[in-house]
1. Of the residues 175, 107, 211, which exhibits the maximal mean-square fluctuation in a Gaussian network model of the chain defined by a 10 Å Cα contact cut-off?
2. What per residue convex hull volume, in Å³, do the alpha-carbon atoms of the chain yield?
3. What distance in nm separates the simple spin-label points at residue 30 and residue 110, each placed 7 Å from Cα in the Cβ direction?
4. Just from its helices, what would the mean residue ellipticity at 222 nm be for the chain, if runs of 4 or more DSSP H residues each count -39500 (n - 2.57) and the sum is divided by every residue, rounded to the nearest 500 deg cm²/dmol?
5. Give me the dipole magnitude in Debye, nearest 20, for the chain about the Cα centre, with unit charges on the beta carbon: positive for Lys and Arg, negative for Asp and Glu.
6. Name the most mobile residue of 13, 66, 194, meaning the one with the largest mean-square fluctuation, in a Gaussian network model of the chain with Cα contacts below 10 Å.
7. Report the one residue of 86, 96, 117 whose Cα lies farthest in the direction of the positive end of the charge dipole of the chain (charges on C-beta: Lys and Arg +1, Asp and Glu -1; origin at the Cα centre).
8. Under the definition of Cα pairs under 8 Å and six or more residues apart, what whole-number percent is the relative contact order of the chain?
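Where a number appears in this text, it was derived from the coordinates with a stated rule and is not lab data. None of the values given here were measured: they were computed from a predicted structure. Positions of Cβ are backbone-derived with ideal geometry, glycine not excepted, and every protein chain shown enters the neighbour counts.
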Amino acid sequence: MKSANKSFGLRENAAVKVLNYTVLILLTIMVLFPLYFAFVISFKTNQEYLNTSPISLPHNFLNFDNYLFLFKNANLPRAFGNTMLFVVTSVVGSVLMGSMVAFALARLNLKYSKYIMLLFIIPMFIPGLTTQVSVFNIISSMHLYNTIYAGIVLYLAADIVQIYLFTQFIEKVPRELDESARMEGASYFRVYWNIIVPQLVPAFATVAILRVVGIYNDLLTPYLYMPKSSLKTVTTALMSFATDRGTQWNMMTAGIVTIMIPTILLYLFLQRFIIAGLTDGAVK
């Protein structure tokens, strides 16, 4: 009887493993297929794209005309430069403001800290599109419309996800360290900078990748507030290949492949910090 139960258990475990691997393989194909689709099309001429299957291999993998056209005619280097400016200012601003707000809420024993946190949470339930008229009026009244500063200001602020993530990390740091530093005469800023900041490296990496991906994927902000051609970002630069008469998919996919490279490299470099930041921050 025990032998039969053991044999049944082994077959059940084997079936579960087969099912798990099958699901993982299918999910991997679902993730990688669009990348393959974009990669092969990016090496095709427009005529080749129109006359062959989208998933078929290109006649020549050394055809870099689409990529050269991007850098010469679509002003992609300028778009990358604008996007990198927004990324750097946004990451620095989010890290500093988010971690400082989290430090104040977690360590300064503010009387209304819970209500302050609630004020950060409430905007999450308001659709962003419903506030665009007000935001547009504010940007216009500040004379920032159609300038590089519009994107810097709009991307600069921290959000509740970052503040909550920083708060979880700060609460893991023993308060005795703060008290010892304060007894030695350290200011609150010294406690924040010398004790708290070194403990937030995984959270910083997580915030960085979230901000980079968010800015990379954002089309509305640069399209609405910075329509000038010299202020294009990588997303609005790609829009130049889509018109009311059609889309140049071979050019579009070449741009998509080019834009993906920095984010993939960034994720590979920060992967261990990102995973640690998400798992540690989610414990509570």
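1. Its mean-square fluctuation being the largest, the pick is 175.
2. On the way: hull volume 66.7 nm³, N = 284.
Enclosed volume per residue, from the Cα hull, is 235 Å³.
3. It is 4.1 nm.
4. Calculated mean residue ellipticity at 222 nm is -23000 deg cm²/dmol.
5. Numbers: 20 positive and 12 negative charges, 83 e Å.
Roughly 400 debye for the chain.
6. Answer for the Gaussian network model of the chain: 13.
7. Comparing the listed Cα positions along the dipole, 117 ranks first.
8. Working: 251 pairs, mean separation 83.5, N = 284.
This gives 29 percent for the chain.
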